[in-house]
1. Give, as a single signed number, the net charge of other residues whose beta carbon lies under 12 Å from the beta carbon of residue 241, with Lys and Arg counted +1 and Asp and Glu -1.
2. Can you work out the Karplus-derived ³J(HN,Hα) for every residue in region 295-302? Use 6.51 cos²θ - 1.76 cosθ + 1.60 with θ = phi - 60°, whole Hz, and x for glycine or proline.
3. Using amide H atoms built 1.01 Å from N in the peptide plane, name the residues 5+ places from residue 233, or on other chains, whose amide H lies under 5 Å from its own.
4. Check residue 158: other-chain or 5+ apart residues with amide H under 5 Å from its amide H, H built from backbone geometry?
5. Rank these by accessible area, largest first, 1.4 Å probe: 365, 187, 204, 258.
6. Please compare each pair in 301/328; 192/272; 272/301; 39/130; 39/328 to a cut-off of 32 Å on the Cα-Cα distance and tell me which ones are over it.
7. With every protein chain kept in the model, how would you rank 56, 199 by accessible area, 1.4 Å probe, largest at the top?
8. FRET efficiency for residue 254 and residue 159, Cβ-Cβ distance as r, R0 = 51 Å, nearest 0.05?
Amino acid sequence: MPILKQFLACSAVVACVTYSAGILRADDQLRLRDVCRLKGQEENTLQGVGLVVGLRATGDENIDPTTRAMANLMLNLGSSIQRDGQGLPVIDELKDMRNIAAVVVTAQVPAAGAQQGDQLNCSVSATSAKSLQGGRLVLAHLYGPRSDDRNVYALAQGRISLPDPNQPTEGVIYNGCKMESTIVNGFSNDGKVTLILDRDLASFSTAVEIQDSINQLNQSGLSSGNGASETLVIAKAIHPLHIEVEIPKAYEQQVVQFVSLILEIPLAQIKKPKRVVISAREGVIVIGEDVLISPVAINHKNLTIDARPGQGAFAAIDVDSPRQPRPKLKNLVDALNGLNVPTADVIAIIRTLDRNGDLYGEVIFD
């Protein structure tokens, strides 16, 4: 045990990462575009219902709704099919089909919008089929999110791929959605743009910090040759999530340039939250560089880890700092990985540190 402890301590020191006291270089600074988005620049979902053919007897078992849809499709395509006295298709002759399935089709329109003719990926989800393996989506109409809007924004069709073999009822058609209408997402209204902060960064102090950073453009000589009164930028924090910015008169016809200008503003005082994201199922651990842990002694199975600063103990090393900083979680995990400690054990240690309040950051278990 002493030999293991000494080896672990040495590995911990070797695995330590040196960095410049957590201070970002000028080219690494967070900028406004990293922490917020423009109101109006959001993704939109198109959706519709379609039919998949070519399945290997894995189609819908409750066949009546699907066969009715198939019969209507055949009629629309000019195929002859028996009709009843009211002119409706007779579906009895289609009931033995097991190679078709009704599906829900969705496509995500990017935040910047899409032009007519653009091709997007679309997702296909079975309603009751066992598997979509080998299937092909017949031409499906995609509508907007509002039920009262019957405009066909896109058409989807094509061979279905299954990204996850363990989910055979969920498929993707790459570039299978063709835009039939142009979707443009506006980002200015009444001479203003609204910035929406990421929720994990939203706070009163952050909103005020961004407001002041934008207003400092007035002190940096922002001009377009029309005078200071026409180039005055006025930003106002409305809410911990929202900052409203008036578009200067000099940029009324150059709104894109103005937005580009403010989104590049550096935010020296704002840092991303300290966060650890763990996916126990996939064995993935993502750790922020500045997540700290308390000076503690850890005993887990046959491991003994001393995370208290001192001779022979685990500690993060920062050659640029005049004093020894507190240990970082990243250094601890690097040391454990260097000793081939199983990921499940590493996750168990992190979970215990978080439960005991010895980990300074947000831990998210996926």
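The values are calculated or read from the model by the stated rules, or taken from the named source; none is laboratory data. Just so it is clear, the model here is predicted, and its values are computed rather than measured. For neighbour counting, all protein chains shown are included, and Cβ atoms are generated from backbone atoms with ideal geometry for every residue, glycine included. These area figures cover heavy atoms from the full protein model, side chains too; ligands, DNA and RNA do not enter into them. Shrake-Rupley method; radii C 1.70, N 1.55, O 1.52, S 1.80 Å.
1. Surrounding charge for residue 241 is 0.
2. Residue by residue, region 295-302 yields x, 9, 9, 10, 10, 9, 6, 9 Hz.
3. 218
4. Counting only residues 5 or more places away or on other chains, the set is 137.
5. 204, 365, 187, 258
6. With Cα atoms farther than 32 Å apart: 272/301; 39/130; 39/328.
7. 199, 56
8. 0.70
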